[in-house]
Amino acid sequence: MASVAIAGLSKRFGTTTVLAPTDLSIEDGEFVVIVGPSGCGKSTLLRLIAGLEEPSTGSIAIGGRDVTHAAPADRGLAMVFQSYALYPHLTVAENIAFPLKVAKRPGADIAARVAAVAESLDLTTLLARRPGALSGGQRQRVSIARAIVREPQVLLLDEPLSNLDAELRVRMRHEFARLHARLATTMIYVTHDQLEAMTLANRIVVMSEGRIEQVGAPLDLYAAPATLHVARAIGSPGMNLMPAMIEEADADGVTVRLPDGHAVRASVAGAAGTTVMLGVRPEHLVPDAAGPFAGPVELFERLGPLSFAHLGARGAIGTVVAQLPGDRRVTLGETLAFGIAPDRVHLFGPDGRALPRLPA
Ligand code: ADP
Ligand code: MG
C-alpha cells in the first residue's frame with residue numbers, strides 16, 4: 001500500500017499535448033477512478049504513473065519516494081489491462097506464478113503465494129486449467145491474480161471490464177469492490193463507464209481533453225458538478241441541459257429565460273445578460289401543470305422501480321427527460337409538465353464553469 005503524488009505531470013507527443021500539467025494526490029489505500037470520454041488522456045496518465053511513458057514535465061512519487069525516472073519494475077506497482085494477455089500454453093497456476101519466477105523467488109515461496117492469491121480470487125479449483133478452458137470473467141480474475149501476486153503497493157487498472165458482456169461487467173464490478181475491501185491496496189482504475197466510476201470509487205477524477213476537470217467523492221460530483229464536462233460525464237440518464245439567458249439577478253438568485261419564453265428561478269449568483277446552459281437532473285423535475293418543462297411524451301422507459309419520460313424536443317431546448325414513479329401510467333403523446341425547485345437548478349457560464357450556488 002502506498003500513496004501516489006503527481007505534480008505538474010504532462011505529456012506531449014510531438015507538438016500535441018495529450019496531458020496538460022496535472023497535479024493529483026492519491027491516499028494510501030484509496031480507490032480512485034479516472035473517468036472521461038475516449039481519447040481524453042486516461043491511459044496516458046496511467047501509463048505515466050506505471051513508467052511505460054516518459055513524462056514531458058513533472059514528477060511522480062509513490063509511497064513518498066520519487067519514481068519519476070525509475071523503471072516500471074522498480075515502482076512497486078502492477079497493471080491490469082483490458083486485454084488480459086495470459087500465456088495460453090501455461091496453466092492458471094503457472095500464469096499466476098510467472099512474475100514470481102521472473103523475480104527468482106524460491107519455489108516454496110511461489111507455491112504459497114499462488115495458493116493464497118488463488119484462494120482470495122476464488123481460483124483454487126481452476127489452477128490446473130489453461131486459459132482456453134476459462135470464461136471471460138475467470139480469465140480476468142487470473143490476470144488480476146497475476147498482477148497482485150507480487151503484492152504491489154499500487155494496482156493500476158485500465159478499462160479491465162471493457163471486453164466483458166453486460167452481466168459479467170456487473171458481477172466483476174462487485175468483485176473489484178470486494179477485492180479492494182479485502183486487499184486495501186491503493187487502486188487507480190480507468191474507465192469510460194460512469195456507472196463503474198460511481199459505484200467503485202472513493203474519489204472520481206473526471207478528465208476531458210487532456211485535463212482534470214474535477215476530483216471528488218462520487219455524490220459530491222453528482223450534486224455539484226464544477227463544469228459542463230462533469231455534468232455530462234456523471235449521471236445516467238444524464239443531466240438535462242439547455243441554453244438560457246439570465247434576465248434578472250437579485251439577492252435570492254437569478255431568473256433565467258428559456259428559448260421558448262418560459263422563466264426558471266435558480267439559487268445561483270450571476271449577472272443579468274449572461275448566456276448560460278441550464279442543467280436539471282431528471283429526478284429533480286416535479287409534476288407542475290404550469291411548470292416550464294413541458295412537452296408530449298415521445299418515449300417512456302419503464303425500469304420497474306421507476307420510469308423515465310422523454311418529452312419531445314421544442315427547438316433549442318431539446319428532449320427533456322423526467323423521472324417518474326414506477327407505477328405512474330403514461331400514454332405516448334400525452335403532454336406532461338414539470339417544475340423545479342430553485343436550489344436544484346445548475347447554471348454553467350459561457351466558459352463552461354458552474355455559476356456559484358447561493359447558500360439556502
Ligand atoms: P484514453 O485512454 O482516455 O482513451 P489515451 O490516453 O489513450 O486516451 O490517448 C489520449 C490522446 O493521446 C489520444 O488523442 C491519442 O491518440 C493520443 N496518443 C496516445 N498515445 C500516443 C502516441 N504514442 N503517440 C501519439 N499520440 C498518442
Ligand atoms: Mg485508454
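Quick notes
- Test: residue in segment 37-55 that is assigned to a loop (DSSP other than H, G, I, E, B), farther than 25 Å from T125 by Cβ, aliphatic (A, V, I, L, M) and within 16 Å of ligand 1 (Cβ to nearest atom): yes
- Any hit, segment 7-22, residues being within 16 Å of ligand 2 (Cβ to nearest atom) and touching an Asp or Glu at 6+ places or on another chain (Cβ under 8 Å): yes
- Whichever residue in segment 156-174 is surrounded by fewer than 17 Cβ atoms within 10 Å (Cβ to Cβ) and within 16 Å of ligand 2 (Cβ to nearest atom) and, among such residues, is modelled with the highest pLDDT: S162
- Test: residue in segment 175-195 that is within 16 Å of ligand 2 (Cβ to nearest atom), in contact (Cβ under 8 Å) with a residue 24 or more places away in the chain and charged (D, E, K, R): yes
- Taking the listed residues A115, A71, A78, A108, the one that is touching a helix residue (DSSP H, G or I) at 6+ places or on another chain (Cβ under 9 Å), aliphatic (A, V, I, L, M) and open to solvent by 30 Å² or more (accessible area, probe 1.4 Å) is A115, with no other qualifying.
- Single match in R65, R47 (criterion: over 30 Å from G137 (Cα atoms) and charged (D, E, K, R)): R65
The values are calculated or read from the model by the stated rules, or taken from the named source; none is laboratory data. The model shown is predicted, which means the values in this text are computed figures rather than measured ones. Note that we place each Cβ from the backbone using ideal geometry, even for glycine, and neighbour counts take in every protein chain shown. To get the accessible areas, we keep the full protein, side chains included, count just its heavy atoms, and leave off ligands, DNA and RNA. Shrake-Rupley method; radii C 1.70, N 1.55, O 1.52, S 1.80 Å.
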